[in-house]
1. Between (1) 8, 33, 40, 18, 2; (2) 6, 23, 17, 7, 6, 12, 17, 10, 2, 0; (3) 7, 29, 32, 22, 7, 2, 1, 0, which matches P(r) over Cα pairs in 10 Å bins from 0, in percent calculated for the structure shown?
2. Given H placed 1.01 Å from N in the peptide plane, which residues other than close sequence neighbours of L233 have an amide H under 5 Å from its amide H?
3. Taking the Cα centroid of the stretch 212-241 and of the stretch 121-198, what is the distance between the two, rounded to the nearest whole Å?
4. Would you mind telling me which residue in V143, V91, V83 has the biggest mean-square fluctuation in a Gaussian network model of the chain, where springs connect alpha carbons within a distance under 10 angstrom?
5. Taking the Cα centre as origin and putting +1 on Lys and Arg beta-carbons and -1 on Asp and Glu beta-carbons, what dipole magnitude results for the chain, to the nearest 20 debye?
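FYI, it's all coordinate maths here, none of it is from the lab. In this text the structure is predicted, and so the values were computed from the model without any measurement. Note that we place each Cβ from the backbone using ideal geometry, even for glycine, and neighbour counts take in every protein chain shown.
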Amino acid sequence: MRIRSVLPAIVLLTACPAPEPDEPAPLEVDGIVRPVADDVRWVAAIDNPYFPLPTGATWHYEAMSDEGLETDDVEVLAQTRVVNGVTATVVHDLVRLDGEIVEETWDWYAQDDEGSVWYLGEDTCEWEDGMCVVHAGAWEWGVDGALPGIIMPGDPQADGQPFFQEYYPGEAEDVGEVIGVGEAIEVPAGSFTDCVRTRDTSHLDPGLDEQKVYCPGVGNVLVLEPGVSVELLSHSGLLGP
């Protein structure tokens, strides 16, 4: 089983047609809230303690799977991207299997004035034989009806309320829910306290079910997928231990 990027993944079900771009998206789908960004006030820095993205910060993750040693290197780039009029931070994510690149993504994030971090889209590349061969999975707020979601609330609470992390109707509808707060955890990168645990699922794919642990000053330190544990081994450019 190949680990996915520790950043949000997109689930493509091309057999399910999306609504026309000018058709208003519902504010709630099967009890799941769709965050609305229309009146959001954006800030320049992404400094949510559970999802900090200072320029130059890096994270290195590893996992053993039945396919081999899988690594994931994440870096906050100095460049930005304007997404639907919002200046977004660009995060580069590179997944390798036994040293060979298998997946590369550029994810776009922005933070509002209440501290919530929004996911605005991504560009993707799947690699084979040393070449980028597939770009499936790319999406962008404002293109073809795609809408942003929240990847980390400003004040995460285990309140039982799921929320869309992305909303590209019929194609990308990943859902997050905070299921634990105040947790302590130990991974190869260190020991952490006051951490937040989330559960990520997909409104389109019942088979997608993973948990992630985010800790203050560092962000994501652990991803638990069926049969695979992805752990943070090292990080740099952050305030955490």
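1. Checked against the structure: label (1).
2. Under 5 Å from the amide H of L233: H60, Y61, E62.
3. Cα centres, the stretch 212-241 to the stretch 121-198: 14 Å.
4. In this elastic network of the chain, the residue with the biggest mean-square fluctuation among V143, V91, V83 is V143.
5. Values: 9 positive and 47 negative charges, 126 e Å.
It comes to approximately 600 debye.
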